[in-house]
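The values are calculated or read from the model by the stated rules, or taken from the named source; none is laboratory data. Predicted model, so just to flag it, every value in this text is computed and none were measured. Here Cβ is always computed from backbone atoms with ideal geometry, including for glycine, and neighbour counts include all displayed protein chains. Heavy atoms of the whole protein, side chains included, go into the accessibility calculation; ligands, DNA and RNA do not. Shrake-Rupley method; radii C 1.70, N 1.55, O 1.52, S 1.80 Å.
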Amino acid sequence: EPGFGFSPGSGLAGPREKARSSLAAAMHRLTASLFGAGLILRRVRGSDAGSGTIGGLVALPFALLIGETWGWPGQLAATVLVTAVALWASAGVVSSEGDAGWIVIDEAAGVFVATIGLLGWAAVIAFVLFRIVDITKRPFPGVHQADSMPGATGIVLDDLVAGAWALAMGHLLNATIM
């Protein structure tokens, strides 16, 4: 009946709806922080600076394991999955947190992009290149523009573009030097 209980947009939520909303918010935060990896440096030194590198380092062994086990098709599939999760998690926190430093699931997506088809030292070099591109942004066309996009898209897309730059450089280095 109108005026009773919960209806979308009514602003009235019962205990069950509040609990569901609270659980969803907690899941978004947990996932966006890559299960706490993005919060480590804040806890240790009181700053989120460098958290993206921590998130990337957490993701790198998984990207390599998937590459060793299923090859580049597995890495590509995992990249699509991690990117979808990154967009979902970021969308759930961006309105209250903006592009906070502890949100590192986007760096995980970027690492997965950067390492498609690369293993061993080539993947490690691609990871380092990804972090350089992601941190500096402006010298690399498309990264800063992607970062300027609003909402979850901007949070995630700059890392995907940075990952694509690192992927290209990593494959170039792998083909010419390694």
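Numbers below:
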| read-out | value |
| --- | --- |
| Gain upon complete extension [residue 99, residue 26; 0.36 nm per residue less C-alpha separation] | 24.6 nm |
| Relative contact order [Cα under 8 Å, 6+ residues apart], the chain, whole percent | 22 percent |
| Bins of 5 Å, starting at 0 and running to the largest distance - Cα pair percent for the stretch 77-178 | 3, 16, 24, 23, 18, 10, 5, 2, 1, 0 |
| Length-normalised contact order for the stretch 103-178 - Cα pairs under 8 Å, 6+ apart - percent | 43 percent |
| Sum of -39500 (n - 2.57) over DSSP H runs of 4+, divided by residues of the chain (222 nm, nearest 500) | -24500 deg cm²/dmol |
| Distance between modelled label sites at residue 172 and residue 124, nm, 7 Å Cα→Cβ extension | 2.2 nm |
| The stretch 18-62 - convex hull of the alpha-carbon atoms, volume per residue in Å³ | 71 Å³ |
| For the stretch 74-113: span of alpha carbons on each principal axis (Å, largest first) | 34, 16, 8 |
| Volume of the Cα convex hull of the stretch 45-103, divided per residue and given in Å³ | 73 Å³ |
| Fraction in percent of alpha-carbon pairs per bin - 10 Å, the chain | 11, 35, 30, 14, 7, 3, 0, 0 |
| Residues of the stretch 88-178: accessible area per residue with a 1.4 Å probe, Å² | 43 Å² |
| Stokes-Einstein diffusion coefficient of the stretch 118-171, Kirkwood radius over Cα pairs, 20 °C, 1.002 mPa s, in µm²/s | 195 µm²/s |
